[in-house]
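Worksheet: one structure, shown below.
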Amino acid sequence: MNNRLFAPLLAALCAACGTSPPAAPPSAVFDRYVAAVHAADMVAVRALIAPGVERSDFPGCRPEMDNPTCLAHYIEATVVKPRARLTEVRRRVEGDTVLSDLEVRSPLYEAAGAPRILGRDIVRVRDGRITAFRFVPDFADEPTANFFATLGIGPRARRP
């Protein structure tokens, strides 16, 4: 049965019997995240973020932003607005955590001289929502290291 058809049916049945549908497993939540990014659907991205999500260390977050707003801002600024395309190279799931090795392409990276960057999304999921999210660049990859250096990040960044 098609999951897109099955999920609303299950939710309706559970509502009728007074129970909640089972939470989506971490892999399914990550798949929804990637689909939302590719669709530039920030409403869907925000819906995936748990209210108690860990704080992102994104420098663009302002002190007055709560944690979900900070993470949404990070995702919007780094992959949604730059129209990034995420291609998964490898995925591991360890309990409630998805570790996804990615190749990421974007006009933003291309303009900086990097045809693509490599890195890993580490996403912890609980009750069908993202409770922690981190992207770890692969600084051993030359285009990735060079791109992040233009942002002042990583081993090739110029130090004052």
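So here's what we get for this one:
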item	result
Counted residues, the range 39-52 - those being touching a Leu at 6+ places or on another chain (Cβ under 6 Å) and assigned to a loop (DSSP other than H, G, I, E, B)	0
Residues within the range 78-100 that are within 18 Å of Phe139 (Cβ to Cβ) and under 12 Å from the mean Cα position of the chain (by Cα), tallied	3
Unmet requirement for Ala11, which otherwise passes all of (1) among the aliphatic types (A, V, I, L, M); (2) at pLDDT 95 or above; (3) not in a loop (DSSP other than H, G, I, E, B)	(2)
Members of the range 29-46 found to be surrounded by fewer than 19 Cβ atoms within 10 Å (Cβ to Cβ), of a type in the set (A, V, I, L, M) and without any contact (Cβ under 8 Å) to a residue 40 or more places away in the chain, listed by number	Ala35, Ala39, Met42, Val43, Ala44
Hey, Cys61 of a type in the set (A, V, I, L, M, F, W, C), touching a Cys at 6+ places or on another chain (Cβ under 7 Å) and buried (at least 20 other Cβ atoms within 10 Å of the Cβ) or not	no
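The values are calculated or read from the model by the stated rules, or taken from the named source; none is laboratory data. Nothing here was measured: the structure is a model prediction, and the numbers come from that model. As a convention, Cβ positions derive from the backbone with ideal geometry for all residues, glycine included, and neighbour counts pool all protein chains shown.
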